[in-house]
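A.B. asks: If you scroll down you'll find the structure; I have some questions about it.
What follows is calculated from the coordinates using simple rules that are stated; it is not laboratory data. The model shown is predicted, which means the values in this text are computed figures rather than measured ones. When we count neighbours, we look across all protein chains shown, and the Cβ atoms used for this are built from the backbone with ideal geometry, even at glycine.
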Amino acid sequence: MSISKAALGVAAAMTLVGAQPAVAGEALFGYVYTTDVMPKGKYEVEQWITDREGQAKGRFHDVLMRSEVEYGVTDNFQVSGYLNYSYLNASGNSVAGTTEGLDIPADHDPAKPYRKFRYDGVSAEAVWRVLSPYKDPIGLAFYVEPEIGPRENAVEVKILAQKNYLDDRLVLAANLWTEVEKEKVEGEGWEKASVWELDLGASYRFRPNWSAGLEFRNHNEYTGWTLDHSNQEHTAFFFGPTLHYGGERWFVTATALYQLHAKAYSDDQRAQIAHGRVYGDEHTTWDGLRLKIGRTFQ
Amino acid sequence: MRSRLLWLAAAPVALVATSAMAKVYLGVEQAQALAFPGASFAPAFRPLNDAQVAEIQRLSGVHVLSRDLKAWRVSTGGWFIADQVVGKHEFITFSVAIDRTGAVKDVEILEYRESYGDQVRNSAWRAQFVGKRNGAKLRLDDDIKNISGATLSSRHVTDGVKRLLATHAVVLASDVR
């Protein structure tokens with residue numbers, strides 16, 4: 001599947017959206033989660049397209065796609081299932097100018113470009129909301145997401161908080177999360193890693209259906225499964241705008257996060273730093289450009 | 001490649017042309033006839049001044065969304081007010097009928113365009129407002145039952161009724177002919 005075909009697919013989807021008598025939905029942010037969940041018995045289908053764009057040099061387009069179904073088990077408990085797949089197109093992307101690093105198999109010849117469409121795995125998600133931002137002082141929810149795939153198995157746990165102002169038109173959201181993962185390294189077996197991250201978002205509904213805002217991520221990567229600083233590989237900061245359209249049945253959210261700065265804590269990671277940003281196996285300059293399209297069903 | 005990505009990011013703009021079609025459940029005249037059968041209605045629209053807005057907000061604790069008050073004087077006594085509150089994505093248009101003593105006679109949802117939460121149209125839920133006066137608590141999970149799964153709409157409509165009762169007290173109650 002080429003990028004142009006993916007773009008055409010999105011264009012077709014957008015044309016269908018335009019053909020609907022009305023539009024609707026959720027996911028106010030590209031990366032930050034709010035505490036909103038599906039009402040009991042309702043479900044929603046979402047398609048995510050995330051381009052992790054640009055590394056230290058050359059060409060790097062890592063287009064991750066996620067097809068999701070969300071279902072409201074109760075008014076405060078939601079479950080989801082994801083299918084994850086991606087298209088990677090890279091050439092001379094690393095700090096050294098070779099084709100290697102993020103999502104590129106270790107056995108690939110670094111002197112040659114890499115281009116592949118692949119299946120990444122399936123994941124599930126459960127969100128339990130304990131406080132609603134519409135009637136309690138804050139919104140509070142807990143999130144868990146196990147993922148199983150041929151190259152990575154992981155469990156992600158998040159605390160989601162939300163505070164609304166101005167008749168709920170201004171939404172502030174914060175997520176604190178951690179992930180433990182086992183990543184397959186060609187020829188070396190499975191490698192343990194862990195992450196903690198703080199995500200912040202602010203979005204304002206500036207006219208009916210339309211919200212615009214900003215998102216911030218601080219991502220921290222560790223070797224092994226303990227979040228001890230002696231095991232920390234790097235910390236990286238991302239920031240960018242987000243635009244959301246939500247109508248009666250459809251929503252679209254577009255977010256562009258730019259890697260502002262990173263700091264490496266090991267020689268191996270320091271070798272992956274260029275222009276103050278960390279690349280290697282973990283990040284891109286635009287990390288990332290995300291489009292979410294969703295449709296709700298009764 | 002970059003131009004294509006920018007195109008993807010800009011795709012939501014294409015949705016501007018697809019604004020939702022309003023679900024109009026009741027027209028103003030229909031809602032008036034339901035609240036005050038056989039009465040006639042004289043428009044008494046007026047702008048709210050700064051002092052009135054401040055007093056309404058003080059009494060109700062609710063932000064005044066619009067300074068344009070759309071009120072009708074009822075021939076048999078009382079007032080009919082049409083207004084809007086913020087919904088999940090769009091405004092919810094509703095009306096409050098207030099009898100000659102200042103008590104809520106009827107609340108109707110005129111337009112609702114959200115994917116969920118239209119249970120606020122349920123007559124049993126709206127009936128909770130009947131008889132409420134300015135100064136009533138009008139608080140979810142207190143004197144007004146919350147609708148689980150429609151909390152935002154429930155709260156905003158409840159706040160809207162509270163605000164219009166304060167508006168009646170500040171602006172309309174003294175306007176006696």
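A.B. asks: Using a 10 angstrom cutoff on alpha carbons, build the Gaussian network for chain A and name the most mobile of A:L166, A:L227, A:L140.
C.D. replies: A:L166
A.B. asks: Related question: Please turn the phi angles of segment A:195-203 into ³J(HN,Hα) values with the Karplus equation 6.51 cos²θ - 1.76 cosθ + 1.60 (θ = phi - 60°), one per residue in order, whole Hz, x for glycine and proline.
C.D. replies: 9, 10, 8, 10, 10, 10, x, 9, 9
A.B. asks: Which of B:D99, B:D141, B:D118 ends up with the largest GNM mean-square fluctuation for chain B, with Cα atoms connected below 10 Å?
C.D. replies: In the Gaussian network model the winner is B:D141.
A.B. asks: Among B:N134, B:L110, B:S148, flag the residue with its Cα farthest along the positive direction of the charge dipole of segment B:18-156, charges on Cβ as +1 for Lys/Arg and -1 for Asp/Glu.
C.D. replies: Checking the options against the dipole of segment B:18-156, the answer is B:N134.
A.B. asks: Only helical DSSP H runs with n ≥ 4 go in: add -39500 (n - 2.57) per run for the protein assembly as shown, normalise by residue count and round the 222 nm mean residue ellipticity to 500 deg cm²/dmol.
C.D. replies: Estimated from H runs of four or more residues: -4500 deg cm²/dmol.
A.B. asks: Tabulate in residue order the Karplus-calculated ³J(HN,Hα) for segment A:267-283, using 6.51 cos²θ - 1.76 cosθ + 1.60 with θ = phi - 60°, rounded to whole Hz; enter x for Gly and Pro.
C.D. replies: Residue by residue, segment A:267-283 yields 4, 4, 6, 4, 5, 9, 8, 8, 6, x, 10, 9, 10, x, 7, 10, 9 Hz.
A.B. asks: Note down the nm distance, to one decimal, between modelled labels 7 Å out along Cα→Cβ at A:E186 and at B:Q119.
C.D. replies: For A:E186 paired with B:Q119, the spin-label model returns 5.4 nm.
A.B. asks: Helix A:3-19 sits at what angle to the longest principal axis of chain A, using alpha carbons and giving 0 to 90 degrees rounded to 10?
C.D. replies: 0
A.B. asks: Take every residue in peptide A:239-248, count the Cβ atoms of other chains within 10 Å of its Cβ, and give the average of those counts.
C.D. replies: Mean inter-chain Cβ contacts per residue within 10 Å come to 5.
A.B. asks: While we're here: Counting other C-beta atoms within 10 Å, which of A:R270, A:R59 has the fewest, and how do the rest follow?
C.D. replies: Result, fewest neighbours first: A:R270, A:R59.
A.B. asks: Ok, one more. In whole angstrom, note down how far apart the Cα centers of segment A:35-81 and segment A:147-213 are.
C.D. replies: When both Cα centres are located, 11 Å separates them.
A.B. asks: Next question. Which one of A:L131, A:T255, A:P208 is farthest out on the positive end of the charge dipole of chain A, using unit charges on Cβ (Lys, Arg +1; Asp, Glu -1) and the Cα centre as origin?
C.D. replies: A:P208
A.B. asks: Provide Rg and Dmax in Å for chain A, with only Cα atoms included in the calculation.
C.D. replies: Every Cα atom of chain A included, Rg and Dmax give 19.2, 58 Å.
A.B. asks: Given +1 on the Cβ of Lys and Arg, -1 on the Cβ of Asp and Glu, and no further charges, what dipole in debye does segment B:28-177 carry about its Cα centre, rounded to the nearest 20?
C.D. replies: About 300 debye.
A.B. asks: Under the Karplus relation 6.51 cos²θ - 1.76 cosθ + 1.60, θ = phi - 60°, what is the ordered set of whole-Hz ³J(HN,Hα) values for segment B:31-39, x standing for Gly and Pro?
C.D. replies: Listing the rounded values in order: 5, 4, 5, 5, 7, 10, x, x, 7 Hz.
A.B. asks: Follow-up. Identify which of A:P105, A:P39, A:P150 has the largest mean-square fluctuation in a Gaussian network model of chain A, with springs joining Cα atoms closer than 10 Å.
C.D. replies: Result for chain A, Cα springs under 10 Å: A:P150 fluctuates most.
A.B. asks: Further question on the same structure: Of A:K40/A:K163; A:K57/A:K263; A:K116/A:K182; A:K116/A:K158; A:K57/A:K158, which sit over 25 Å apart, Cα to Cα?
C.D. replies: A:K116/A:K158; A:K57/A:K158
A.B. asks: Excluding A:W190 itself, what net charge comes from residues whose Cβ is under 10 Å from its Cβ, given Lys and Arg +1 and Asp and Glu -1? Walk me through the numbers before you get to the answer.
C.D. replies: On the way: positive: A:R151, A:K182, A:K184, A:K192; negative: A:E152, A:E181, A:E183, A:E188, A:E191.
With Lys, Arg at +1 and Asp, Glu at -1, the neighbours total -1.
A.B. asks: Which angle between 0 and 90 degrees, to the nearest 10, do you get for helix B:50-60 versus the longest principal axis of chain B when only C-alpha atoms count?
C.D. replies: It works out to around 90 degrees.
A.B. asks: Only counting other Cβ atoms within 10 Å, I'd like A:F297, B:F41 sorted with the fewest neighbours first.
C.D. replies: Exposure proxy ranking, most exposed first: A:F297, B:F41.
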